Structures are given as C-alpha cells and as structure tokens.
1. Provide the packing ranking of 156-169, 130-143, i.e. peptides ordered by the mean count of other C-beta atoms within 10 Å per residue, highest first.
2. Percentage of Cα-Cα pair distances in the stretch 97-139 greater than 15 Å, rounded to whole percent?
3. Under a point-charge model restricted to the Cβ atoms of Lys and Arg (+1) and Asp and Glu (-1), what is the dipole moment magnitude of the stretch 16-140 relative to its Cα centre, in debye to the nearest 20?
4. Could you give P(r) for the stretch 118-179, binned at 10 Å from zero, as whole percent values over all Cα-Cα pairs?
5. Which is farthest toward the positive dipole end of the chain among GLY54, PHE154, PRO192, measuring Cα position about the Cα centre, with Cβ charges +1 (Lys, Arg) and -1 (Asp, Glu)?
6. Kirkwood Rh, Cα Rg: Rg to Rh for the chain?
7. At q = 0.18, 0.19, 0.21 Å⁻¹, what is the base-10 log of I(q)/I(0) for the stretch 51-155 according to the Debye formula with one equal point scatterer per Cα and no solvent? Please give it to two decimals.
8. Compute the semi-axes of the equivalent ellipsoid of the stretch 1-120, taking the square root of 5 times each eigenvalue of the Cα gyration tensor, and list them largest first in whole Å.
Amino acid sequence: MTEALKLYFSPLACSLASRIALYECGAAAEFVQVDGNTKLTLGGQNYLHIHPLGLVPALELPNGDVISENPAVLQYIAEQLSGGGATPADATQRARLHQYLSFIGSELHKAIFTPLLDRKASESVKAYALEKVDKRFSWLSDRLANRHHLLDEFSVADAYLLAVLNWCRVTPVELDAWPVLRGYEARLRERPAVLRAFTEELELYRQQQARSGVAPRSKPPSVETAR
Ligand SMILES: N[C@@H](CCC(=O)N[C@@H](CS)C(=O)NCC(=O)O)C(=O)O
C-alpha cells in the first residue's frame, strides 16, 4: 500500500514536513513536485485537478482519495505508516500533538510566515506579521526549554515546526534571538531523515529557481522587532 502513496509537494514549502515524516517512518512514496506559480506538476499535470486550492501538501492514497491540510496529512502518515506507533497513546499527549499542529499551522505558518514570504504582501502587512513573532516564539521557547522535542519523542509536530523555522533564513525573523529554538532546530536537523529531506529539497529548490529565472530568496536586512 505504501508504494502507491503520492505526496504532492513544492521544494522547501510546508510539505517538507510530510517528506520528513515519510522518511522517519521508512515509508516508500512517490513525490510529485508542484510549481507553486503555474500549478503544474513537473510532468505537466494540472495540480488544481488534484487539489482545487492549489496548496501543497496533498497526499493521494492508493484508492485515489486525496488528503490535504498539513495536520491531517501529517497525522495520517503518523498513524497509518507506523501502525499507530508515532501517535501518542495517552489522551493528553494526543491533545498536545493536536495543540502543536494547530499552533504551528495557524499561529506561525499562516499568521507570521505566509505574509512574510508573500512577494505581493505590502510592507504594512509584513510589519503586522512581524509584531506577532515575539509572543509566539517566546511561548514556544518556554515550552522547549529543557526538552528535545515538542512531545516526549520526535513527532510529526516537530517535522512541521522544522519546516516552518527554516523560513527564518529568508525572512526578517531572527531565530538567533531565541537560543532554545536555535538549539532545538540544530539538534533535530542532525536526524538522518531530517537531514536527508532538507538536503534533497534544497537541491530541488535550487533547480526550480534556476528553471524559473527567479532569484532564490535570501535573508532580508534585519528589522527591529519588539525583542
Ligand atoms: N492550510 C494549508 C496551508 C498550506 C500552504 O499554505 N501551502 C503553501 C506552501 S507552504 C502553498 O501551497 N502555497 C501556494 C499558494 O498559496 O498558492 C495546510 O495546512 O496544508
């Protein structure tokens, strides 16, 4: 069954979390690259026929069903491919997993990084997003002080957080201002599955930028935030 799973992704986008999760589970899957601008796959397929919103990730199951939205895709991978082993058995820990997936998706990904990464967003929209960094990163930093993972063990929430924190490299968010988060990221990026996923997608990202003729993103000059 795992042979026929298809992950639709764009290099270094949030779908990277699902690649990490698949590698962590040791699952075989097909990876289909989507160009975020044209909404075509590398093979020329119209991605809007797979997911009408045009957002990655989408996970196509062997029976043709398509699951979208990071938390749903990630939890499916964790539950199905590891026989439930990657989903906490304890109800409180399961609730924590949902809590972190929701927090990362709504409070970090959408509230902060989507506007900062949007080439069309105005400076005032970006400034509004930047105002949210301090409280949210401080909260996260407090949660991660003295622990290696968001839950007791590595989970798909860590995979999602790693994909999102990576965007600090191309936005004005200064991860160095939160040594706990910087240390967490550095440690987890040494995991073989994480390292493999990042290395592969960085290369695919470079190839995509070269094809499109658009300059790769780089970190903008530092911006004075509340911190
Ligand atoms: N709520 C969605 C958001 C997914 C999302 O924002 N994906 C971005 C990449 S990180 C995307 O596909 N953007 C393309 C676009 O906005 O057209 C989820 O959790 O899966």
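The values are calculated or read from the model by the stated rules, or taken from the named source; none is laboratory data. Nothing here was measured: the structure is a model prediction, and the numbers come from that model. Ideal geometry is used to build each Cβ from the backbone, glycine not excepted, and the neighbour counts take in all protein chains shown. For accessibility, only protein heavy atoms count, side chains too; no ligands or nucleic acids. Shrake-Rupley method; radii C 1.70, N 1.55, O 1.52, S 1.80 Å.
1. Final packing ranking: 156-169, 130-143.
2. For the stretch 97-139, the fraction of Cα-Cα distances above 15 Å is 41 percent.
3. Dipole size: approximately 380 debye.
4. With 10 Å bins starting at 0, P(r) equals 18, 49, 25, 8.
5. The Cα lying farthest towards the positive end belongs to GLY54.
6. The Rg/Rh ratio comes out at 0.95.
7. -1.03, -1.08, -1.17
8. In descending order the semi-axes read 24, 20, 11 Å.
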